[in-house]
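What follows is a set of notes on a single structure, which appears directly below.
The values are calculated or read from the model by the stated rules, or taken from the named source; none is laboratory data. The model shown is predicted, which means the values in this text are computed figures rather than measured ones. All Cβ positions, even for glycine, are placed from backbone atoms using ideal geometry, and neighbour counts span all protein chains on display. All accessible areas refer to the heavy atoms of the entire protein, side chains included, with ligands and DNA or RNA removed. Shrake-Rupley method; radii C 1.70, N 1.55, O 1.52, S 1.80 Å.
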Amino acid sequence: MIYDVVIIGAGPAGLSAGLYAARARLSTLIIEKEAAGGQIATTDEVANYPGSIEHATGPSLVARMVEQAEEFGAKRVTDTILSVDFSQDVKVLKGEKQEYQAKTIIIATGAVPKHIGCPGEKELTGRGISYCATCDGAFFEDLEVFVVGGGDSAVEEAMYLTKFARKVTIVHRRDALRAAKSIQEKALKNEKIEYLWDSVITEVKGEGLLESIVVKNVKTNEETEIFADEEDGTFGVFVFVGYDPATKLFEGIINMDGGYIITDDNMKTNIPGVFAAGDNRVKSLRQVVTATADGAIAATQAEKYIEEKF
Ligand code: NAP
């Protein structure tokens, strides 16, 4: 079968694209290698998605997006795409399980925040460890927060977190920030921000909630365990050590900048009939709200492309 639209990735961008494509009566398949949801599936509370006033959990929001896309007729399969052939009008995806053909492709593979890679990090993600200040900052009202990293993201998000946290400490592995000078200057003026230079977090600990972190000075190799204030019982660690867009499959085929897919405002890539949506593309804000918007635009453009081309 040749689908009208095949969407790679079932995060908010892919599910939104699926909903719009299926609602336009296009035969639509969403392929996901793991469980649906992408990054948002690991967020405990989604407080900033418009309309989500009951503060849906990431998984419940995803479940509703899946239900809605399927209600309109989008099909879903679990498979890992291993290679793509976009050289003809009908595009071909080779998966681990089977081959897929489509008139249009929407790449909604997302991006993955890099992790510290220390013991306890996985278990305490969503329980004190976060990779998204916009999503989770408000949960740390008047608590202490540590930010890992020294790039633009770490420093900008540290400043954002001072709106909530009573103190923000940037833990950076060197003694100079990588962030742009203009961003650094603003941060240095912020009295709520402190710095732990030449330091890396080697372990995070806690029973159910983050309670302490072990910080190593990379110059002296000295390790110090920092405990949450007794009255608070917990604190936050926000990790901004870079992101990896999930776009390896498309290297040399789709135009990219630093691994992120380049699109125009209509989500078109350099290949006619191939669109990208969500966190894997060059853009200024990576949030559920912008991912779903991308998905909607990509699907409506795919519909237009099919009308004109086939
Ligand atoms: P980034 O620029 O790659 O910075 C990552 C930071 O994390 C660096 O300071 C790096 O340290 C540190 N790091 C990397 N691996 C680490 C590890 N394993 N342990 C501890 N620290 C580690 O990433 P980003 O800040 O997310 O920015 C990504 C891109 O988006 C950049 O091009 C950035 O300019 C752009 N951006 C722009 C803006 C803006 O213009 N307003 C805002 C956000 C992001 P080292 O410095 O020692 O390498």
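Computing FRET efficiency as 1/(1 + (r/R0)^6) for VAL90 and ARG178, where r is the C-beta to C-beta distance and R0 is 51 Å, gives about 0.70. From the alpha carbon centroid of the range 30-104 to that of the range 188-226 is 36 Å.
Helix-only arithmetic for the chain: the sum of -39500 (n - 2.57) across DSSP H runs with n ≥ 4, divided by the residue total, places the mean residue ellipticity at 222 nm at -7500 deg cm²/dmol. For the listed residue pairs LYS186/LYS283; LYS91/LYS309; LYS248/LYS304; LYS181/LYS283; LYS97/LYS304, the alpha carbons are over 19 angstrom apart in LYS186/LYS283; LYS248/LYS304; LYS181/LYS283; LYS97/LYS304.
Accessible surface for the range 1-73, divided over its residues, is 46 Å² per residue with a 1.4 Å probe. The amide H of MET256, built 1.01 Å from its N in the peptide plane, has ILE262 as neighbours under 5 Å, considering only residues 5 or more places off or on other chains. Between helix 152-161 and the chain, what is the angle of the helix's C-alpha long axis to the longest principal axis, kept within 0 to 90° and rounded to the nearest 10? The angle comes out at about 70 degrees. Rounded, prolate or oblate: which one fits the range 261-310, using the alpha carbon gyration tensor with axes a ≥ b ≥ c (rounded when a/c is under 1.5, else prolate when a/b beats b/c, else oblate)? Cα axes put the range 261-310 in the oblate bin.
Surface calculation, 1.4 Å probe, protein heavy atoms: MET65 sits at approximately 30 Å² accessible.
Protein heavy-atom surface of the chain, 1.4 angstrom probe: 48% of the accessible area is carbon and sulfur, with nucleic acids and ligands not counted.
Rolling a 1.4 Å probe over the protein chains gives TYR243 an accessible area of about 80 Å².
Converting phi to 3J(HN,Hα) with the Karplus coefficients 6.51, -1.76 and 1.60 and the offset θ = phi - 60°, the range 204-212 yields 10, 10, x, 9, x, 10, 4, 10, 7 Hz in sequence order, with x at every glycine or proline. Run the paramagnetic zone check for GLU251: 7 angstrom along Cα to Cβ, then residues of the range 56-94 with backbone nitrogen under 16 Å. Under cut-off, by backbone N: 82-84.
Against the main long axis of the alpha-carbon atoms of the chain, helix 12-23 sits at an angle near 20°.
Compared with the dominant principal axis of the Cα atoms in the chain, helix 288-309 is inclined by about 20°.
Close amide-amide hydrogen proximity is noted between ILE30 and ILE7, LYS75, ARG76, VAL77, each under 5 Å apart and 5 or more residues distant or on a separate chain (H modeled in the peptide plane; Pro and chain starts excluded). In this label model, GLU307 and ASN270 are separated by 2.9 nm, measuring between points 7 Å along each Cα→Cβ vector.
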